[in-house]
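One structure below.
The values are calculated or read from the model by the stated rules, or taken from the named source; none is laboratory data. Quantities reported herein were computed from a predicted structural model and do not represent experimental measurements. Note that we place each Cβ from the backbone using ideal geometry, even for glycine, and neighbour counts take in every protein chain shown.
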């Protein structure tokens, strides 16, 4: 333990917080390093963080032979604890890099824009609640054009093209598409980060439709009282489950219609045909059962058909029971999860979409 007696001169340690633990550990042992004026400096040339100067001044230490080996465990632990606390403090709040700050600004911009879109869609759907089944089918039909082999199709907004929306499987969806067009005009008028894509808006309209359905159910369970119904849905609804869905915000629009023959006419398809279609995009009987509201205007008739299949029947029964409960948790969570997966099939999400440059302040105009 004669380490410090070998240092008869003082020196100055200049280091950043990304230096090695060994050096940081030494800096946390003031009981071993009597302080004298600094002279020399060390620094880490590879650090990416702003430096914090800590001055250590060392001198000859006279050791008592009887105590030279008595550095206690507490001294060591206190030194290590001080280093660890300092590192945590710096890495949490003091050293926020500019890139991270810019990322937070983008997230806030996208979040605010998303909230405005939801408000626009909620108002439009509230005026015409009967359009919800068509909005759900519109989102489904735009998405299930996805082909795993060619990585083409998917929720890319191609259903907006007249040659695609006029196909037999989309024959009853023109009113839903008109709602999307009107909503897009309003949303684009207040967007600061460019026009919203049809691909995003169609899937967000489906989300709004799903939420409006669950809210209406809660209101019915409260005897038609909207205020109590809203409180019930806020208390039991799965708003938190929508987090991943809302991260998939930044889809790109297709420039041409998707190929024909990829979407069944759901109202005329057999259960086997429906199973085969969903299987082709990676889903099974469970997802087919939970999507019953997306497969035509009459959910009860669709579920009756689906229940005739032994593979789908248990799931239909499960979700019917869940809808009878106050929270509808099993049904709602599975529906949100399935819609989230379908709405991102084959899509490359641009997580910077709809963000915009923040106006810079001209400091020369400030009067101090």
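Out of the residues in the range 147-175 that are part of a helix (DSSP H, G or I) and without any contact (Cβ under 8 Å) to a residue 24 or more places away in the chain, state the one that is surrounded by the fewest Cβ atoms within 10 Å (Cβ to Cβ). Explain how you work it out, then say what you get.
Taking the range 147-175 and keeping what is part of a helix (DSSP H, G or I), we get 158-160, 162-165, 168-170, 174-175.
The next check asks that each one be without any contact (Cβ under 8 Å) to a residue 24 or more places away in the chain; those that pass are 162, 165, 174.
Working: 162: 9, 165: 19, 174: 13.
Restricting to residues being part of a helix (DSSP H, G or I) and without any contact (Cβ under 8 Å) to a residue 24 or more places away in the chain, the top hit is 162.
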Out of 133, 195, sole residue that is in the same structural domain as residue 327 (by TED's automatic domain parsing) and not in a helix (DSSP H, G or I): 195
Given (1) closer than 22 Å to residue 267 by Cβ; (2) free of Cβ contacts under 8 Å to residues at least 60 places away in the same chain; (3) crowded, with 19+ Cβ neighbours inside 10 Å, number of the condition residue 198 does not satisfy: (1)
Just checking, does the range 341-361 include any residue being at pLDDT 95 or above and in a helix (DSSP H, G or I)? yes
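Return yes when residue 285 is in the same structural domain as residue 197 (by TED's automatic domain parsing) and over 29 Å from the mean Cα position of the chain (by Cα) and no when it is not.
Numbers: in the same structural domain as residue 197 (by TED's automatic domain parsing): yes; over 29 Å from the mean Cα position of the chain (by Cα): no.
Considered against the rule, which asks whether it is in the same structural domain as residue 197 (by TED's automatic domain parsing) and over 29 Å from the mean Cα position of the chain (by Cα), residue 285 comes out as no.
Kindly check whether there is at least one residue in the range 225-234 that is assigned to a loop (DSSP other than H, G, I, E, B), free of Cβ contacts under 8 Å to residues at least 24 places away in the same chain and within 30 Å of residue 197 (Cα to Cα). So that I can check it myself, show each step before the final result.
Within the range 225-234, the subset assigned to a loop (DSSP other than H, G, I, E, B) is 225.
Pick out the ones that are also free of Cβ contacts under 8 Å to residues at least 24 places away in the same chain and you get 225.
Now narrow it down to the ones that are within 30 Å of residue 197 (Cα to Cα): none.
No: zero hits.
Would you mind stating whether residue 262 is in the same structural domain as residue 218 (by TED's automatic domain parsing), more than 18 Å from residue 137 (Cβ to Cβ) and touching a residue at least 40 places away in the same chain (Cβ under 8 Å)? Even if it seems obvious, please write down each step before you answer.
Working: in the same structural domain as residue 218 (by TED's automatic domain parsing): yes; more than 18 Å from residue 137 (Cβ to Cβ): no; touching a residue at least 40 places away in the same chain (Cβ under 8 Å): yes.
Against the criterion (in the same structural domain as residue 218 (by TED's automatic domain parsing), more than 18 Å from residue 137 (Cβ to Cβ) and touching a residue at least 40 places away in the same chain (Cβ under 8 Å)), residue 262 does not qualify.
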Take residues that are under 25 Å from residue 117 (Cβ atoms) and tell me which of the helices (runs of 4 or more DSSP H) falling wholly in the range 240-338 contain 2 or more. 243-247
With modelled with pLDDT of 95 or more, out of contact with any helix residue (DSSP H, G or I) (no Cβ under 8 Å at 6 or more places or on another chain), assigned to a helix (DSSP H, G or I) and under 29 Å from residue 268 (Cβ atoms) as the only criterion, which of 189, 208, 178 stands out? 178
